[in-house]
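Coordinate-derived values only; no laboratory data. All values reported here derive from a predicted model rather than from experimental measurement. Counting neighbours? That spans all protein chains shown, and the Cβs are built from the backbone with ideal geometry, glycine included.
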Amino acid sequence: MWSGSALVLLCVILTVNAEVHSLTYIYTAFTRPVGLPGIHEFSAIGLLDGQPIDYFDSDTQVKVPREDWMKERLDKEYWDKGTSSRQTKQQWFKVNLKILTDRLRKNDTDNHVLQWRHGCEVNTEGPKRKLSGIDQYSYDGDNFLSFDSHHKQWVAPMFGALPTKRKWDRIQELNDYTDEYLHNECVHWLDTFLKYRKEANITALRPEVYMSARPFKDNLKLSCLATGFHPKEITMNIRRDGHLVDRYDGLQSTGVRPNGNGTHQIKMWVMIPGGDTAKYTCEVNHPASNIHEVKEWDHHVEAEGPPIGLIVGAAVGLLVVGVIITGVVIILRRKRTPAEKVVPIQPVQMEHQTLLTGSSSGMSSGSSSSLDHPPDLTQV
């Protein structure tokens, strides 16, 4: 289930183009606790241009902002309604995970996962805005169901999704609302959040740079870490006696990753002989904060084990958000599905009532003005 090829999607989600803006929400539910740090039985995260703006999990049970400007600009009612909505969604996922596990005849002693990813992306290049929306479910890492806005119906890539497709396509109000959300409400919130972020006049934050070395088998793992910077555009190089170390020398990099507080980090490392006496330096350029910093390794070798103190500023973000995003996105991998597996519409009478309202309309009777997603779903 945890396919390495899915990391490609992580890169896609975390890539931000100056002319392309996106608002995405990702919900993840497991049948039971996973037992890994930062991975919860249920979690939901909102991303603006790939960066976390709000978060909820089954342990805290509260929707909280991940950006100061979100906390400042959105009132208590917004967060209270968001908390209530996500608590309800948590129950929805719990019920439907059981339904799908039974329907697909999966071993209920295994841990299964159901995910929902939805949102919108707007490309402002050219004279007209180009909009794309996504509303997609996956089960155990496989595409389960997705919404086709052009035909206003659900697409079932796998046989086990057919009953859900038939039920949901029968609820025209749900399909109309989903399409309306992707093309209008989501875009409204995207524009609103972009406006709030711009008005916050977020200043550039300079990176903190560290070099360290630790034993690794018969060699040393020499690392350079830059963390706490914003925006994310940065360059980093490691040099040996003035000469650039590159991938042919075994240089590796994490790439730029988000911290949990809106800042970023990047780490590079290379294996060197234990007795190497060469001069190693780490060069970091962060144009936004006008920083060019050169850090020299003092040939001190840390004790074996995980580094302590080097990434204190990033640790909270990595545990709370970074691990979540990575785990969530890995599960959300997309598989190419042959065209013949796309199932045509086969409407039948709906068998289940909606979970949230007890009606068959698929719509919430309450206002969705402060919610970040369609207010109602039906059972699968």
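Below, the figures for the structure above:
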| read-out | value |
| --- | --- |
| Mean Cα-pair separation over length for segment 245-307, i.e. relative contact order, pairs under 8 Å, 6 or more apart, % | 20 |
| In order through segment 204-213: 3J(HN,Hα) via Karplus (6.51 cos²θ - 1.76 cosθ + 1.60), integer Hz, x for Gly, Pro | 5, 10, 6, x, 9, 10, 9, 10, 7, 9 |
| Cα-only Debye scattering, segment 208-310: base-10 log of I(q)/I(0) at q = 0.12, 0.15, 0.21 Å⁻¹ | -0.39, -0.60, -1.13 |
| Shape call, segment 185-236: gyration tensor on alpha carbons, a/c limit 1.5 | prolate |
| Förster-model FRET efficiency, 22 Å R0, T83 and D191, C-beta, rounded to 0.05 | 0.40 |
| Under Karplus coefficients 6.51, -1.76 and 1.60, residue-wise ³J(HN,Hα) of segment 293-298 in Hz, glycine/proline x | 10, 10, 10, 9, 6, 8 |
| Relative exposure of R129, R103, judged by other C-beta atoms within 10 Å (fewest first) | R129, R103 |
| Test item: Cα-centred dipole of segment 208-310, Lys/Arg +1 and Asp/Glu -1 on Cβ, debye | 260 |
| Which of G274, F229, V209, positive extreme of dipole for segment 208-310 (C-beta unit charges) | F229 |
| Inter-probe distance in nm under a simple model that places probes 7 Å from Cα toward Cβ, at I134 and T277 | 5.4 |
| Over segment 194-275, relative contact order from alpha-carbon pairs under 8 Å, at least 6 apart, % | 32 |
| Burial ordering of C120, C186, fewest other beta-carbon atoms within 10 Å first | C120, C186 |
